[in-house]
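Scroll down for the structure; my scribbles are underneath it.
The values are calculated or read from the model by the stated rules, or taken from the named source; none is laboratory data. Please read these numbers as outputs of a predicted model, since none were measured by experiment. Please note: Cβ atoms are built from the backbone with ideal geometry, for glycine as well, and neighbour counts cover all protein chains shown. In case anyone asks, the SASA skips ligands and DNA or RNA and just uses the protein heavy atoms, side chains included. Shrake-Rupley method; radii C 1.70, N 1.55, O 1.52, S 1.80 Å.
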Amino acid sequence: MFLSARHALCLFLVFAAAPACAVEIDGRIDPAEWAGARHITDFRDVQPLSGKPGSVPTEAWILSTPKGLAIAFRATQDVATRTHQRSQRDADVQVDRVNLMVDFDGDGRTGYDFEVTLTNSIADEVITGENTFSTDWDGNWKHAVSEDADGWSVEILIPWYIAPMHKAVGDTRKIGLYLDRVVGSTGERMAWPTASFKRARFLSDFERVELPAYTQPLFAITPYAELIQDRVTNHTGFRGGADLLWKPNGQTQLTATINPDFGQVESDDLIINFGPEETFFTDKRPFFTENQGIFDFSLLNDYTQLVYTRRVGGTNDDGIGNADIAGAVKLNGSIGATSYGVLAAQETGDAGRSFEAFRVLHDFGTQSLGALLTHVEHPYLDRDANVLGIDHRWKPNAAFTLTSNVVGSNIDQDSRHTGGFGATSVAEYDMGNGWNQQWLGMHFNDKLEVNDFGYLDRNNFDYFHYEIGHHQTGLPADSPYASHWWRYRISEDDTDHGLLLERRFRITREDERRDGSLVTWQLNVYSNGHDDLLTRGGNTLKKPGTADFLWELVRPRQGAWSWENSVKVLGNELTGVHRLDYIVKILPTYFISDDLSFSIGGSYEYSPNWLIWQPKGDGVSNLVGAFDGHTLEFDAALNWNMSERQELRVKLQAIGVDARLRQAYEVDANMNPIKTNEHVNDFSLRNLGFQVRYRYELAPLSDLYIVYQRGGYEEDPIYQDATSQLHRSFGLRDEDELLVKLAYRFEL
């Protein structure tokens, strides 16, 4: 039977459109598959940030398909200059690579970075706060690479279910896109559009692209099982649980977990902290990283957040061990231009807690307004903690951004009520020609408490700074430098009651070298001031004026070696610059091959007036010790990427510390350190963290781990030199366990 001309034309149109939904992700850019895609060739230098056309040709294709957002890169490059180093997922290495960054709502709030290297290693990150990247999240997406004599090609497919997104208007969706390519041997980064994460605005500068709209449902369940052999107690235990993910469409996403693991396959860096401020750690647990961007509510000061998920499953309220999590659930969604998120988690036991958070955010175009409410119940402490934050962002034009928030806390404990308040605001102005300005102000009163669920290193302060920066490019061709980035800042910091904490002047210069190295110089000069945290609620200490200087070099692989070196010289709170601290760090990495490398190095710190608070029986004390301290740290690692599916990682950190008392001081009511003969012990300590981890990827987000880890911490109330303590640290065995973990993701 013969087809009519009309039927033949219809079939021709169907087959002509077929490539839009039949892109095969094999790294080979077939012109027929990419027919009709938007073709990008205008890649310009953003590292250095000159805006000039890139030194080598780069092309990209953008295509919306029913299976996801498809992107292809073609990177022309001479064979002799290519870097074939293989890396672990999310490793921060300077190699030949491409980045696809997507803001699925096109509103500049949350972005996702998908990175593929020449060797098909990958990284994925969530971008919040315009230019803050987090590698904690791992997504399921497709990628492939191919090479030929003239260059290399990458194909990427990002499923539409990978992230929450607003409902499309009609048949099209407007998203924000940023594409870049990095040349590993020089550090040059060329991008489309000409946007830089070193600017105050990055997500907002993505190119707005209108594409055909598609939606994809997903139901996935990831059960896991762990077998743990504790070699200290000779106990073998088994635990299991599951994560569940349901995304009926881009506007509604439900995540739940039953008995989640504690991320034992990940290891935190060792930190010795005798200061009053808590150390911040990131969270790699899948449930707490999936769809977490909606809960980003920064107080615009370093790591501050109203939802700090490491609180869940942290130390029990009775101080005995970590809490077990019975379960948790998270719902994300959007209705029109309004996004929302709900998070709830419940710990087990009498000393366990319940955590709840509710987030709502509305986009008005040039402005957005949101709120975040958290509630934590501590039955063991008879404590209820409620925190409400309201955040606002205004972008009246392409050069100016104003971000502000206010936060209040309401704490009920033992029939006592306490209310606190805080507010922050930052204004950023891009003046053009490489110049930018920033104004930042903060106010947190002494009753504000957000750390039941959030993270704030301190309350009770008023802070302001003004910063002006200039990015200098166009340097002579024979200069070893590609650019200089200068920043000058003045700041003032007072308590909420008007006590001067410090005034500071800072100069920072970042040098991008043509060999790909990054050199950082920073000088801080401080006025006289006060330390109101040292004695943990006791008397405040007067501080003399002081200064510090930092030099840091990060040199990527050249030949068989890469380097991370730094030197810091700083004064102290007792004698200012009359006795200086020195911190030296050297960490070289040797590459046996592109797949196998090891690093061995460490750091040395000398602190001639190390002030450490000395608590007494009731926890109230104005006694501090000034110690002559030495810290030695040994760092070693081996990374073997056996294949795209297998990797072996060995990580060792060992620390030895000695501290000999120079003088004990009592901080008096006039804030002066008065010498005292009260007894304060010398001390020394040792700390060890050692992990051997084998990982086999069974399927995307499905892994088998075999992990051996050992470590411990021990402190002695006597002086023993840091070298001997470092040596003795290798004998620590507070923890000695073998863990086998299997997690497999089933998608329906």
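General observations
- Test: residue in segment 47-61 that is hydrophobic (A, V, I, L, M, F, W, C) and within 16 Å of HIS143 (Cβ to Cβ): yes
- For segment 354-361, the criterion of being modelled with pLDDT of 95 or more and small (Gly, Ala, Ser) is met by at least one residue.
- Scanning segment 689-702 for residues that are surrounded by fewer than 17 Cβ atoms within 10 Å (Cβ to Cβ) and either more than 21 Å from PRO286 (Cβ to Cβ) or in contact with a Pro (Cβ under 8 Å, 6 or more places away or on another chain) (or both) returns a single hit, VAL692.
Let's see how each residue does on (1) over 22 Å from GLU564 (Cβ atoms); (2) of a type in the set (Lys, Arg); (3) in contact (Cβ under 8 Å) with a residue 24 or more places away in the chain:
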residue	(1), (2), (3)
THR83	no, no, yes
GLN88	no, no, yes
LEU100	yes, no, yes
ASP124	yes, no, yes
SER134	no, no, yes
TRP137	yes, no, yes
LYS142	yes, yes, yes
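- Residue ID - farthest from ARG557 (Cα to Cα), chosen from residues in segment 59-109 that are open to solvent by 30 Å² or more (accessible area, probe 1.4 Å) and part of a strand (DSSP E or B): TRP61
- Segment 590-649, residues that are among the charged types (D, E, K, R), surrounded by 17 or more Cβ atoms within 10 Å (Cβ to Cβ) and within 31 Å of the chain's Cα centre (by Cα): ASP595, GLU605, GLU633, ASP635, GLU647, ARG649
- Restricting segment 476-503 to residues that are among the charged types (D, E, K, R) and assigned to a loop (DSSP other than H, G, I, E, B), the residue that is least open to solvent (accessible area, probe 1.4 Å): ASP496
- Among the residues here, TYR526 qualifies as crowded, with 17+ Cβ neighbours inside 10 Å, in contact with a Ser or Thr (Cβ under 7 Å, 6 or more places away or on another chain) and among the aromatic types (Phe, Trp, Tyr).
- Which listed residue, of ALA70, ALA60, is modelled with pLDDT of 90 or more and more than 27 Å from the chain's Cα centre (by Cα): ALA60
- Qualifying residue in segment 111-123 (condition: more than 24 Å from ARG86 (Cα to Cα), open to solvent by less than 20 Å² (accessible area, probe 1.4 Å) and in a strand (DSSP E or B)): yes
- Whenever a residue of segment 623-638 is of a type in the set (Ser, Thr, Tyr), its partners that are assigned to a strand (DSSP E or B) and surrounded by 20 or more Cβ atoms within 10 Å (Cβ to Cβ), lying with C-beta atoms within less than 6 angstrom and at least six residues away or across chains, give the pairs THR631/VAL657.
- Residue that is free of Cβ contacts under 8 Å to residues at least 12 places away in the same chain and within 17 Å of THR110 (Cα to Cα), where the choices are GLY321, GLY365, GLY336, GLY314: GLY365
- Flag if LEU550 is under 30 Å from GLY184 (Cβ atoms) and within 29 Å of the chain's Cα centre (by Cα): yes
- Qualifying positions in segment 200-246 - outside any strand (DSSP E or B), aromatic (Phe, Trp, Tyr) and either without any contact (Cβ under 8 Å) to a residue 24 or more places away in the chain or loosely packed, with under 14 Cβ neighbours inside 10 Å (or both): none
- When each of THR172, THR128 is tested for being in contact with a Leu (Cβ under 9 Å, 6 or more places away or on another chain), within 25 Å of THR289 (Cβ to Cβ) and polar (S, T, N, Q), the lone residue that passes is THR128.
- Boolean, ASP658 is open to solvent by 30 Å² or more (accessible area, probe 1.4 Å) and farther than 30 Å from LEU157 by Cα: no
- Entry remark, segment 703-748: residues being free of Cβ contacts under 8 Å to residues at least 60 places away in the same chain, open to solvent by 80 Å² or more (accessible area, probe 1.4 Å) and not in a strand (DSSP E or B) number 2 in total.
- Tabulated pairs, segment 659-682, first without any contact (Cβ under 8 Å) to a residue 12 or more places away in the chain, second assigned to a strand (DSSP E or B) and open to solvent by less than 60 Å² (accessible area, probe 1.4 Å), C-beta under 7 angstrom, 6+ apart or interchain: ILE674/TYR665; ILE674/GLU666
- Among (1) open to solvent by 20 Å² or more (accessible area, probe 1.4 Å); (2) in a strand (DSSP E or B) - the single one LEU685 does not satisfy: (1)
- A single member of LEU3, LEU9 is open to solvent by 80 Å² or more (accessible area, probe 1.4 Å), at pLDDT below 95 and touching a helix residue (DSSP H, G or I) at 6+ places or on another chain (Cβ under 9 Å), and it is LEU3.
- Matching entry among ILE325, ILE320 (being more than 23 Å from HIS362 (Cβ to Cβ) and surrounded by 19 or more Cβ atoms within 10 Å (Cβ to Cβ)): ILE325
- When restricted to residues that are of a type in the set (A, V, I, L, M, F, W, C), more than 10 Å from ALA659 (Cβ to Cβ) and in contact with a Gly (Cβ under 7 Å, 6 or more places away or on another chain), segment 605-638 contains 3.
- Look at (1) touching a helix residue (DSSP H, G or I) at 6+ places or on another chain (Cβ under 6 Å); (2) surrounded by fewer than 15 Cβ atoms within 10 Å (Cβ to Cβ) and you find that ARG536 fails only one, number (1).
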